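All remarks here apply to the structure that follows.
The values are calculated or read from the model by the stated rules, or taken from the named source; none is laboratory data. Note that the structure is a prediction, hence the values are computed from the model and not measured. Note: ideal-geometry Cβ built from the backbone for every residue, glycine included; neighbour counts use all protein chains shown.
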Amino acid sequence: MTANFTPTRRDIMAGAVVLAASVRPAWAAAQDDGFEASARTIADGIQPPRIPRRTFPVVAFGAMADGRTDDSMAIARAIAACGEAGGGRILLPIGVTLTGPIRLRSHMELHVPKGARLKFIPEPARYLLPVRTRWEGVELMGYHPLIYAFEEEDVALTGGGVIDGSADDRTWWPWKGPWADRYRDTPEKERQATDRARLFDMAERGVPVEQRVFGEGSRLRPSFFQPYRCRRVLMEGLTVEAAPFWQVHPVDCTDVTFRRVTCSSHGPNNDGIDPESCNGVLIEHCVFDTGDDCIAIKAGRNADGRRLNTPCQNIVIRHCLMKDGHAGVAIGSELTGGVRNVFVHDCRMDSPNLTRVLIIKSNSYRGGLIENIHLRRIDAGAVDKAFIQIWMLYEEGNGGGHVPQVAHVSVQDCTVRSTERVLIVRGLPEAPVRDLQLANITVGRETMPSVAVDVDLTRLANVIVGGRRWSQDYLRTLPGADSIRCDKWAVCR
């Protein structure tokens, strides 16, 4: 089930440290289990973009930045001049710059300084002709992401300003259809459900991507920032607001850094950062105030994920604040290509809407190998549904013939003020979750009993819930799967 890939030095070193930790005869202390060395090796190996020291102010190309004038052509002229010169920094002025879609090329940095707002014009027709993109893990020719780069290298999006997608209850978001007691009045033909089903059917039938055209009249919303098949990508210092769909979505990229990014958008499916099929991702000092998962790690969906066959791997998430959102960190559900070597540490999660700190979600239609997922020093407040949830019956459920595998998940040195359940773990009889490790976990209150079904080898050390220490054999005494009712989206009652 493991995807074919050419290992880099970072892969080899990180894998060696993880392997050394996994074969130790006794599992005990974080300082000696290889976590710190593995995370540092991955983070230090990620290369930044190389941007020439040339500046192209868009005002020199006619931009007004007055919040009324369409400055799309001025930005396009600046990008063209920058490209002809071999790259550089495209500088926006203070003020509100209105624009249509932006496509960056190699060796380019789009700089939005503090006091500047890059505001996208919410007219869907402007985001056509269709470009090659991914939508929920499936390739298509669809709406142009608001900011896009395809098969480029050395791409950066920086500054202290705001990028504003202008999505709201009138534009982009109603295409979702009924959601959170909203958009129920959207006519059927204006909802995404039909296009979503048609896209997934095309992928299952193997229709070539070039023939999966979802242009004028389709309702599959574009991602905000999507670098696709790019090398050395940086996003730093910016705030994202009012995204049509997923906010930040790097696809099949290597050496990707997100630093001091604030994802602040509360529309439907407004995930914060969704690295998909990437190798080498650093997310640090970011703030998530989102309408869906804060971070969601992905690797393609179903037949298309098997065709693309590219894992998402070597990821470090550190020193982040999950201020609002659903899951703090989600893996899946589009993870057919596999996810491995994920290190999350020193993050704070505290939101009335936080459903889970970590969720891993797949099914036997997705499949996927998920291994070496490690959390350390997470400080969580109230968690609605579960501290950790591993759910192998997501969406389509069982019966697909592509059994997912989950192995080597460790959570250590964490505190949780309260949660409904500490654990909801549901493997499959033919593929139990292997090697789940919990150590030095303190949970102030658990209101309902945890559930663990089809789990092989769970190690507990100093796990204290409501003042009571869990014994090594405690999980064997927990109620079975029939004790809770869960819907296809892994929401359990």
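List of remarks:
- For the condition of a type in the set (A, V, I, L, M, F, W, C) and either under 12 Å from Arg376 (Cα atoms) or in contact with a Gly (Cβ under 8 Å, 6 or more places away or on another chain) (or both), Ile317 qualifies.
- Pair list, Cβ under 6 Å, 6 or more apart: segment 199-225 residue of a type in the set (Val, Ile, Thr), other residue part of a loop (DSSP other than H, G, I, E, B): Val213/Pro130
- Meets criteria (within 15 Å of the chain's Cα centre (by Cα), basic (Lys, Arg) and surrounded by fewer than 24 Cβ atoms within 10 Å (Cβ to Cβ)) for Arg318: yes
- Residues (surrounded by fewer than 22 Cβ atoms within 10 Å (Cβ to Cβ) and either under 23 Å from Arg68 (Cβ atoms) or touching a Lys or Arg at 6+ places or on another chain (Cβ under 6 Å) (or both)) located in segment 94-110: Ile94, Gly95, Val96, Gly100, Pro101
- Contacts under 7 angstrom Cβ, first residue in segment 157-185 being under 22 Å from Ile94 (Cα atoms), partner among the acidic types (Asp, Glu), 6 or more apart: Thr158/Glu109; Thr158/Glu236; Val162/Glu241; Asp164/Glu241; Gly165/Glu241
- Filter pass, Ala490 being closer than 19 Å to Val383 by Cβ, in contact with a strand residue (DSSP E or B) (Cβ under 6 Å, 6 or more places away or on another chain), in a loop (DSSP other than H, G, I, E, B) and in contact (Cβ under 8 Å) with a residue 40 or more places away in the chain: yes
- Residues (of a type in the set (Gly, Ala, Ser), loosely packed, with under 15 Cβ neighbours inside 10 Å and not in a loop (DSSP other than H, G, I, E, B)) located in segment 35-93: Ala60, Gly67, Ala80, Ala85
- Just one residue in the set Arg348, Arg340, Arg306 is outside any loop (DSSP other than H, G, I, E, B), out of contact with any strand residue (DSSP E or B) (no Cβ under 7 Å at 6 or more places or on another chain) and either at pLDDT 95 or above or not acidic (Asp, Glu) (or both); that residue is Arg306.
- Condition met for Ser218 (within 18 Å of Pro145 (Cα to Cα), among the hydroxyl-bearing types (Ser, Thr, Tyr) and in a strand (DSSP E or B)): no
- Wholly within segment 94-142, strands (runs of 3 or more DSSP E) carrying at least 1 residues that are closer than 28 Å to Ile297 by Cα: 108-111, 116-120, 131-135, 138-142
- Residue list for segment 459-468, restricted to those being surrounded by 16 or more Cβ atoms within 10 Å (Cβ to Cβ), touching a residue at least 24 places away in the same chain (Cβ under 8 Å) and either in a loop (DSSP other than H, G, I, E, B) or under 29 Å from the mean Cα position of the chain (by Cα) (or both): Val463
- Matching residues in segment 321-337 - criterion: being surrounded by fewer than 24 Cβ atoms within 10 Å (Cβ to Cβ) and modelled with pLDDT of 95 or more: Leu321
- Thr8 vs. criteria closer than 30 Å to His107 by Cβ, hydroxyl-bearing (Ser, Thr, Tyr), at pLDDT 50 or above and within 26 Å of the chain's Cα centre (by Cα): yes
- Boolean, Glu152 is at pLDDT 95 or above, at negative phi, surrounded by fewer than 24 Cβ atoms within 10 Å (Cβ to Cβ) and within 23 Å of the chain's Cα centre (by Cα): yes
- Exactly one residue out of Arg196, Arg184 is over 22 Å from Phe258 (Cα atoms) and assigned to a loop (DSSP other than H, G, I, E, B): that is Arg184.
- Failed criterion for Arg219 (all others in (1) among the basic types (Lys, Arg); (2) buried (at least 19 other Cβ atoms within 10 Å of the Cβ); (3) touching a strand residue (DSSP E or B) at 6+ places or on another chain (Cβ under 9 Å) hold): (3)
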